[in-house]
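Have a look at the structure below, then the notes.
The values are calculated or read from the model by the stated rules, or taken from the named source; none is laboratory data. Here the structure is a predicted model, which is why all the values come from computation and not from measurement. Here the Cβ is made from the backbone with ideal geometry for all residues, glycine too, and neighbour counts use every protein chain on show. Ligands, DNA and RNA are excluded from the accessible area calculation, which covers all protein heavy atoms including side chains. Shrake-Rupley method; radii C 1.70, N 1.55, O 1.52, S 1.80 Å.
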Amino acid sequence: MQIRLDTVGDQFLNAELKIMTASQKTTPSAKAKGGKAETSVSIDHWADKGLKEEFFNLKSARTYKAGKDETITFTGVTGETVYVVGLGDKSKFEAEDIRKSIAKAIKATRGTKFQTIAVDVPGFNSLHDESKTAQAIAEALYLTDYSFDKYKSKKSDPHEYQVILSHFDRKSLVKVEKALATTRNICESIDVIKDFINEVPNVLHSEEYARRVEADVKKNLKGVKVKILNKAQIQKENMGMFLSVNAGSAYEPRLVHLSYEPAKITSKTKHIALVGKGITFDTGGYSLKPGASMAGMKNDMGGSATVYGAFRAAVLEKAPVRITCILAMTDNAVNEFATVPDSVVTARNGKTVEILNTDAEGRLILGDALDYACDQNPDYIIDAATLTGACLVALGNQVCAILGNDQKFIGEILASAKSQDEYMWQLPIINEWRQDIKSKVADLKNIGTPMRAGTAIGAAFLEEFIKNDIKWAHLDVAGVVDGQSHLPYCTAHGASGLIVRTLTHLLVNAK
């Protein structure tokens, strides 16, 4: 798919599919007389007078109310298909509504395989900003265009088509082009990490995962330094918790360390570290998961993919901050060497940890990775992990949980999430939960009281590995990393790519 710009509107005329909008307007005279306000369908913004006449001559248009998400389709005089999206009250139609309506339109007409699709930008410009409107449209187009059929014997036919963004003001051209370039960088990065998450675990083990990240960095991210620690190097780092999770694996663990610096650095340049949980498959170890719960555990590396996607996009966007990205990779498997419950291991920071449940493994690899991240002397750390099933119980599969040690920093992340229309909700960490992870035989234990605040207790455990008064936020992405079928621009099954836009916004707009 390619996106082209058309300020004049001549390319719009020849498009095979035209995506238009209609909205509702209230008749002023009815209000003035004190009567009941009447609404009618408005297509005043349509530049093509012939299309207007065709629309109002339709029998189906007589009952069409232009309510939100109400659609109508007709054939124009030159044989083109016209797909009209109802906005309802246009003043209440927001950026996320634009994404959803464009995604629905593309999916509804996908079977026809149009070669040229024109979108009437002014009609969707409820934001009163053509660059933001174009960005929302482009996000929907790029994200909806993703598919993963690598392992299908009969693959979907490749369909190359052009989307023409039409009728926007020429004065907006530079801003629109910049917005589209940013959107392409972000959505391309989302597609990369969707491929990582959707890849099958018998192919994407820790060693292969590290190789693919390294290859992508070297090909696409100029100036990024790559350091990959193998098992022997991880042993030298005294990462006892990380190694305990890897003990049952047929593959070595990997710690991927990526570093980016902006072109201009001053004493005020912020340094943000991103840390991700990369469990390429989670059996639960000796605390074995039931079969039904084990299916889908290839996505347990979704936290690492999420932070890598944000790192990648931020580098392409030349973010004004230093960024360190640390990805801890292993699977959690079972063999005669695997860690058993009741074991005690020593973390990188010297604390001893009693492992009561080997299925609470994500916090173990993250704890060592967070301690390692602290030694890079960042101002801020954000970790992302599919850490707890409890997160789905608390917030469902539509909301990302956020916890941390600095309210201002958490507020900045929440503001970025809101700006990108991605759901995020703060949960607390209280002293009682910090006490709940104290062990009778070691410094800490890796689980708290069963069925009690599992997400927050997991975060309380991670907090034990934050040092030097570094501001830290933990994102539990267990609910949102896949299966977002309620969002039409996400695939019904598989990786969602959510939270990448939030973190990219935070990194690119950091001051």
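Structure summary
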item: Residues S147 and A215, FRET efficiency given R0 of 30 Å [Cβ-Cβ distance, rounded to 0.05]; result: 0.85
item: Cα-centre dipole for region 145-270 with unit charges at Cβ (Lys and Arg positive, Asp and Glu negative), debye to 20; result: 600
item: In degrees, nearest ten, helix 130-144 long axis to first principal axis of the chain (Cα); result: 60
item: Under Karplus coefficients 6.51, -1.76 and 1.60, residue-wise ³J(HN,Hα) of region 399-404 in Hz, glycine/proline x; result: 10, 8, 8, 10, 9, x
item: Karplus-derived 3J(HN,Hα), 6.51/-1.76/1.60, for each residue of region 281-293, Hz, glycine and proline x; result: 7, 10, 7, x, x, 5, 8, 4, 6, x, x, 5, 7
item: Straight-distance crosslink candidates among lysines, where the alpha carbon sits under 16 Å from K445 and sequence neighbours closer than 8 are dropped; result: K351
item: Fraction of accessible area attributable to carbon and sulfur, region 252-306 (%, probe 1.4 Å); result: 57
item: Dipole magnitude (debye, nearest 20) for region 83-163, charges at Cβ of Lys, Arg, Asp, Glu; result: 520
item: Alpha-carbon centroids, region 421-447 and region 460-511: separation in whole Å; result: 19
item: Separation in nanometres of the label points that stand 7 Å from Cα toward Cβ, at A181 and T27; result: 5.0
item: Extension gain from M451 to K222, taking 0.36 nm per residue of separation minus the Cα-Cα distance; result: 77.8 nm
item: Relative pair counts by distance (%), Cα atoms of region 116-208, 5 Å bins; result: 2, 11, 19, 19, 15, 11, 9, 6, 5, 2, 0
item: Within-11-Å neighbourhood charge of K107 [Cβ basis; K, R +1; D, E -1]; result: +2
item: Segment D157-V203, length gained on full extension (0.36 nm per residue, minus Cα span); result: 14.1 nm
item: Dipole magnitude of the chain, debye to nearest 20 (Cβ charges: Lys/Arg +1, Asp/Glu -1, about Cα centre); result: 1000
item: Long-range HN-HN contacts of Q398 with modeled amide H, under 5 Å; result: none
item: Region 432-483 - Rg (one decimal) and Dmax (whole number), Cα, Å; result: 12.7, 40
item: Region 259-308, accessible area per residue, ligands and nucleic acids excluded (1.4 Å, Å²); result: 40
item: Local electrostatic count at T81 - Lys and Arg +1, Asp and Glu -1, tallied over other residues with Cβ under 9 Å; result: -1
item: Farthest positive-ward along the chain dipole, Cα basis, beta-carbon charges - from A263, G50, N185; result: G50
item: 14 Å beta-carbon shell around N431, net charge (K/R +1, D/E -1); result: -2
item: Solvent-accessible heavy-atom area per residue, rounded to whole Å², over region 45-117 at 1.4 Å; result: 52
item: For the chain: relative contact order, % (alpha-carbon pairs under 8 angstrom, 6 or more apart); result: 15
item: Residue-normalised accessible area of region 382-511, given per residue in Å² at a 1.4 Å probe; result: 41
item: Cα-based helix-to-principal-axis angle, 173-198 vs the chain, degrees rounded to 10; result: 50
item: For region 383-511, with +1 on Lys and Arg beta carbons and -1 on Asp and Glu, the positive-most of A390, N405, S485 along the dipole; result: N405
item: Cα-only Debye scattering, the chain: base-10 log of I(q)/I(0) at q = 0.06, 0.10, 0.13 Å⁻¹; result: -0.32, -0.80, -1.17
item: Angle between the chain longest axis and helix 407-419 axis [Cα atoms, degrees, rounded to 10]; result: 30
item: Dipole of region 315-457, positive direction: furthest Cα of I323, T455, F337, with charges on the beta-carbon; result: T455
item: Globularity ratio of region 197-289, using Cα Rg and 2.2 N^0.38 Å; result: 1.29
item: Portion, in percent, of the accessible area of region 1-114 that falls on carbon or sulfur, probe 1.4 Å; result: 48
item: Heavy-atom SASA rank of S60, S23 (probe 1.4 Å, accessible area, largest first); result: S60, S23
item: Cα-derived Rg over Rh, computed across region 258-405 with Rh taken as Kirkwood radius; result: 1.01
item: Over region 374-506, relative contact order from alpha-carbon pairs under 8 Å, at least 6 apart, %; result: 40
item: Over 28 Å (Cα to Cα) - which of K68/K194; K107/K318; K236/K277 fall in this group; result: K68/K194; K107/K318
item: Helical mean residue ellipticity (222 nm; -39500 (n - 2.57) per DSSP H run of 4+; nearest 500) of the chain; result: -10500 deg cm²/dmol
